[in-house]
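Each reported figure results from applying straightforward, stated rules to the coordinates on display, with no laboratory input. Everything numeric here is computed off the predicted structure, so don't read it as measured data. Cβ sites come from the backbone with ideal geometry, for glycine too, and all protein chains shown count toward neighbours.
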Amino acid sequence: MLAPQAAQHSRIAEIIAEHSALEGPMLPILHAVQAEYGHVPAEALPMIADALNISRAEAQGVMSFYHDFRDHPLGRHVLKICRAEACQARGAGALAEAAKARLGVDWHGTTPGGALTLEPVFCLGLCACAPAVMLDGQVIGRVDAARLDQIATEAGA
Amino acid sequence: MRIFVPRDAAAKAVGAEAVAAAVRAEAAARGLPVELVRNGSRGMVWLEPLLEVETSEGRIAFGPVTAADVPALFDAGFGAHPKALGLTAEIPFLKKQTRFTFARVGLIDPLSLSEYQAQGGLAGLHKAIAMSPEAIVAEVADSGLRGRGGAGFPTGIKWKTVLGAEAAQKYVVCNADEGDSGTFADRMLMEGDPFTLIEGMAIAALAVGATRGYIYSRSEYPDANEVMGQAIAIARAAGVLGPDMLGSGRAFELELRVGAGAYVCGEETALLNSLEGKRGVVRAKPPIPALQGLFGQPTVVNNVLSLAAVPEILAQGAAAYVAHGVGRSRGTIPLQIAGNVRFGGLFETGFGITLGEIVNDIAGGTASGRPVKAVQVGGPLGAYHPVSDFGLPFSYEDFAGSGGLVGHAGLVVHDDSVDMLQMARFALEFCAIESCGKCTPCRIGAVRGVEVVDRIAAGDAAAIPLLTDLCQTMKLGSLCALGGFTPYPVLSALTHFPDDFATLQEAAE
Ligand SMILES: Cc1cc2nc3c(=O)[nH]c(=O)nc-3n(C[C@H](O)[C@H](O)[C@H](O)COP(=O)(O)O)c2cc1C
Ligand code: SF4
Ligand code: FES
């Protein structure tokens with residue numbers, strides 16, 4: 001049996017190989033690695049850089065440019081609250097403040113038990129049923145403080 | 001019996017999944033042969049989840065429906081019920097529209113290619129296959145179609161440039177990175193009628209001689225991406241896409257790519273960099289993407305709505321499209337109405353409707369019942385319009401002439417509780433967060449802008465000229481519209497709502 005580190009290593013190599021036929025495979029690879037591990041593990045970047053024949057600095061530069069990619073794990077659930085104008089017009093500002101108070105964290109913070117990470121997002125395309133949030137890819141509209149409390153509780157936070 | 005419950009993200013966000021599950025459970029418990037169709041949204045978001053039932057007179061609607069309502073709806077035989085809305089087609093919000101691009105959205109099962117064809121789908125592509133590339137380009141040019149992504153550049157001219165470029169490989173790229181606040185038409189189209197976008201891209205490919213295409217969507221749209229991905233697979237399996245498009249002998253391969261949470265990647269050159277696997281940094285133009293786009297090859301980059309308008313333009317002819325609209329703003333525009341409104345959603349109509357008609361008559365004024373104070377048109381880079389602008393006709397020229405922009409045609413309404421200084425601050429903060437970093441006025445200017453607004457808020461009147469000066473620098477010195485247009489919301493807020501910027505000292509005097 002492979003050691004955990006080696007297993008991870010070969011799985012990342014596999015993901016890179018799966019995407020190698022694509023034109024411009026960088027983002028698809030980063031998405032796939034992050035989907036597998038919840039973040040992009042430190043050893044992934046040099047492997048990606050090698051496979052795509054770019055420098056490690058370049059790979060790091062690409063990854064850090066995008067808000068989605070992260071080099072560390074987040075909470076077990078991720079709650080994104082829309083901060084953009086249409087949601088603001090329906091009380092998103094107060095909702096975000098309520099969320100921070102309820103969870104005891106600021107933006108990008110994770111609750112102490114590791115249950116939930118709070119992230120800002122700018123428009124989920126749910127502007128006509130604002131304010132809107134997304135919990136682990138699941139969209140929720142017309143959110144008020146009570147609904148938010150319920151979401152947090154269900155997420156174990 | 002056919003029952004429709006949308007699978008659109010906005011419907012899901014307010015409980016459509018639970019309603020669909022309740023319909024299935026109730027039908028099973030009663031032993032009724034119900035066919036549940038997961039359609040797109042009709043666009044009346046305040047009525048979502050909107051449940052529809054097919055009758056001999058047409059589809060009748062109930063909304064907004066909760067899962068708890070479902071047993072009673074069955075008990076009533078889908079007749080009299082407090083949530084009953086009558087014939088869907090007769091609901092004023094829907095009845096007043098001219099649906100051209102969104103004609104099928106909400107009507108059909110988005111992933112049924114046979115329903116798509118039964119409702120006129122693929123007619124445009126079949127026509128295009130029989131035409132020369134020049135004739136296709138001419139038809140699109142004659143329609144007067146201008147890019148719906150924001151800049152309003154004539155689509156026919158763009159295609160003509162790509163057609164005229166010599167290259168072994170050309171691309172069609174669909175910009176589906178809809179990041180503007182208050183916009184959701186691209187999402188609704190991809191979720192409600194994805195084959196229209198595929199067909200539009202295939203026609204674009206025939207027109208310019210491209211054999212590969214990409215849809216660049218966003219990670220904030222998981223539902224749209226799922227539907228779009230399935231639709232591409234279905235279209236390929238049916239031979240609409242692939243090495244021999246509908247037996248034409250012409251190849252077109254299409255792939256969906258998903259961004260990673262960067263607003264600036266909606267800018268076309270940043271988008272191309274992102275597709276290539278680079279940082280989403282804006283490229284200087286020239287060279288224009290039509291000549292040197294994806295991987296340096298001639299590339300059509302068009303918005304979802306621009307491409308989705310093309311199949312009907314081909315099917316019905318350019319004249320049918322040009323008949324709508326005013327001046328040089330031809331055809332229909334899918335308005336996206338959001339913010340503090342009673343009736344929010346998607347409203348497709350010919351250009352020329354006034355801002356006041358949209359806000360008061362169509363959207364029904366504010367949801368809060370308080371007076372309207374400001375309407376931001378065209379996303380986070382669009383101007384804030386006061387009520388005195390309500391006579392403005394919706395067109396590219398009229399909005400540009402009033403110091404604003406149509407953009408992607410999103411409208412966000414604010415009531416009188418909004419603090420316009422805070423909205424100006426937010427515009428600058430957003431620019432600072434999303435700047436690609438290539439030019440100083442945008443990268444540094446936005447950060448300084450937030451500080452200057454805070455000084456104004458703290459009572460420093462001398463900071464107001466500093467803010468206008470900074471905006472002027474951003475306008476003139478920015479490479480792309482992110483830095484260059486952020487002054488629109490900021491300066492329009494300052495110009496039209498000076499009271500919100502009145503300093504503490506002034507207020508005390
Ligand atoms: C910061 C920024 C963001 C943009 N975002 C989008 C977008 O989300 N979707 C879009 O189609 N165009 C967007 N655009 C405009 C594109 O650069 C480009 O004009 C458009 O995709 C061309 O397609 P069209 O001619 O069909 O409108 C954006 C431009 C800028 C400067
Ligand atoms: S204006 Fe801003 S986003 Fe646009 S190129 Fe310059 S730094 Fe990048
Ligand atoms: S502004 Fe919040 S979902 Fe669009």
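Under a crude label model (7 Å from the Cα following the beta-carbon direction), how far is A:A42 from B:A28 in nanometres? In this crude label model, A:A42 to B:A28 measures out at 5.0 nm. Applying a 4.7 Å Cβ-Cβ cutoff to chain A, the cysteines left without a disulfide-compatible partner are A:C123, A:C127, A:C129. Where both partners of a DSSP beta bridge lie in the protein assembly as shown, what percent of those bridges are antiparallel, to the nearest 5? The antiparallel fraction comes to roughly 55 percent. Within the range B:337-438, none of the trypsin sites (Lys or Arg not before Pro) combine a DSSP coil assignment with at most 10 other C-beta atoms in a 10 angstrom radius. The helix-only estimate of mean residue ellipticity at 222 nm for chain A, built from DSSP H runs of length n ≥ 4 each weighted as -39500 (n - 2.57), is -13500 deg cm²/dmol after division by the residue total. At 222 nm, what value in deg cm²/dmol follows for chain B if DSSP H runs of at least 4 each add -39500 (n - 2.57) and the sum is divided by all its residues, to the nearest 500? The per-residue figure over chain B is -11500 deg cm²/dmol.
The mean count of C-beta atoms from other chains within 10 Å of the C-beta of residues in B:255-261, rounded to a whole number, is 5.
Note: relative contact order over the range B:325-415, using C-alpha pairs below 8 Å and six or more positions apart, is 35 percent.
Taking a Cβ cut-off of under 10 Å around B:V208, the surrounding Lys, Arg, Asp and Glu residues balance to a net charge of +3, with basic ones at +1 and acidic ones at -1.
Please work out whether the range B:365-501 counts as rounded, prolate or oblate from its C-alpha gyration tensor, where a ≥ b ≥ c are the square roots of the eigenvalues and a/c under 1.5 means rounded, while otherwise a/b larger than b/c means prolate and anything else oblate? Oblate.
Taking Cβ atoms as reference points and 13 Å as the exclusive limit, the residues near B:A493 contribute a net charge of -2, counting Lys and Arg as +1 and Asp and Glu as -1.
By the rule of a C-alpha distance below 26 Å, with chain neighbours fewer than 8 residues away ignored, the lysines paired with A:K100 are A:K80, B:K12. Averaging the sequence gap over all C-alpha pairs within less than 8 Å and six or more residues apart, then dividing by the number of residues, gives the range B:421-501 a relative contact order of 37 percent. For A:A32, neighbours were defined as the other residues whose beta-carbon sits under 12 Å from its Cβ, and their charges (Lys and Arg +1, Asp and Glu -1) total -2.
Taking the average, over residues, of other Cβ atoms within 10 Å as the packing measure, peptides B:91-101, B:442-452 rank B:442-452, B:91-101 from highest down.
Across the range B:32-46, coupling constants 3J(HN,Hα) worked out from phi with the 6.51/-1.76/1.60 Karplus curve, θ = phi - 60°, read 8, x, 9, 9, 8, 9, 9, 7, x, 8, 6, x, 9, 5, 5 Hz, and Gly and Pro carry x. A cut-off of 5 Å between modelled amide H atoms, ignoring neighbours fewer than 5 places along the same chain, links B:T55 with B:I60. Here the dipole of chain B is about 1100 debye; that uses its Cα centre as origin and unit charges on the Cβ of Lys and Arg (positive) and Asp and Glu (negative). Legend: mean number of C-beta atoms from other chains within 10 angstrom of residue C-beta atoms, peptide B:270-278, equals 5. Model label points for B:A21 and B:R443, set 7 angstrom from Cα along the Cα-to-Cβ axis, are 4.9 nm apart.
List the trypsin sites (Lys or Arg not before Pro) in the range B:246-297 that DSSP assigns to loop (not H, G, I, E or B) and whose Cβ has at most 10 other Cβ atoms within 10 Å. Which are they? Here no trypsin sites (Lys or Arg not before Pro) fit, given the DSSP loop and packing criteria. Both radii come from the Cα set of the range B:421-501: Rg as radius of gyration, Rh as Kirkwood radius; their ratio Rg/Rh reads 0.94. Applying 1/(1 + (r/R0)^6) with r as the Cβ-Cβ distance of B:D419 and B:Q230 and R0 = 51 angstrom yields a FRET efficiency of 0.70. Taking the C-alpha atoms only, the angle from helix A:56-65 to the longest principal axis of chain A is near 20 degrees. Counting Cβ atoms of other protein chains within 10 Å of each residue's Cβ and taking the mean over peptide B:182-188 gives 4. Backbone phi angles across the range A:35-48, fed through the Karplus curve with coefficients 6.51, -1.76 and 1.60 (θ = phi - 60°), yield HN-Hα couplings of 5, 6, 10, x, 7, 9, x, 3, 6, 5, 4, x, 5, 5 Hz in residue order; Gly and Pro are listed as x.
Both radii were evaluated on the Cα set of chain B; the Rg over Rh quotient, with Rh as the Kirkwood radius, amounts to 0.99.
Scattering from the range B:2-91 was approximated by placing one identical point on each alpha carbon and applying the Debye formula without solvent; log10 I(q)/I(0) at 0.12, 0.16, 0.24 1/Å stands at -0.29, -0.54, -1.30. Using C-alpha pairs under 8 Å with a sequence gap of at least 6, the mean separation divided by the residue count of chain B gives a relative contact order of 13 percent. Cross-link reach is defined here as a Cα-Cα straight distance under 18 Å, omitting same-chain residues fewer than 8 places apart; for B:K83 none of the lysines meet it.
Taken about its Cα centre, the range B:2-91 carries a charge dipole of about 180 debye when Lys and Arg each add +1 at the Cβ and Asp and Glu each add -1 at the Cβ. Report, as a whole number in µm² per second, the diffusion coefficient that Stokes-Einstein gives for the range B:325-415 at 10 °C and 1.306 mPa s using the Kirkwood radius over alpha carbon pairs. Using the Kirkwood radius from Cα pairs, D works out to 126 µm²/s. Along the Cα-to-C-beta direction of B:A118, a point sits 7 Å from the Cα; which residues of the range B:19-47 have their amide N less than 17 Å from that point? Under 17 Å, as judged by backbone N against the label point of B:A118, lie B:34-40 of the range B:19-47. Annotation for B:A238 and B:A251: the two label points, set 7 Å from Cα along the Cα-Cβ direction, are 2.3 nm apart. Annotation for the range B:45-153: GluC sites (Glu not before Pro) lying in DSSP loop with at most 12 further Cβ atoms inside 10 Å of their Cβ are B:E57. Backbone phi angles across the range B:383-395, fed through the Karplus curve with coefficients 6.51, -1.76 and 1.60 (θ = phi - 60°), yield HN-Hα couplings of 6, 8, 9, x, 4, 5, 8, 5, x, 5, x, 6, 7 Hz in residue order; Gly and Pro are listed as x.
When a/c is below 1.5 the answer is rounded, else prolate if a/b is larger than b/c, else oblate, so apply that to the protein assembly as shown with a ≥ b ≥ c taken from the square roots of the Cα gyration tensor eigenvalues. Verdict is rounded for the protein assembly as shown. In plain terms, the bigger the Kirkwood radius, the slower the diffusion; for chain A, with that radius from Cα pairs, at 20 °C and 1.002 mPa s, Stokes-Einstein puts D at 124 µm²/s.
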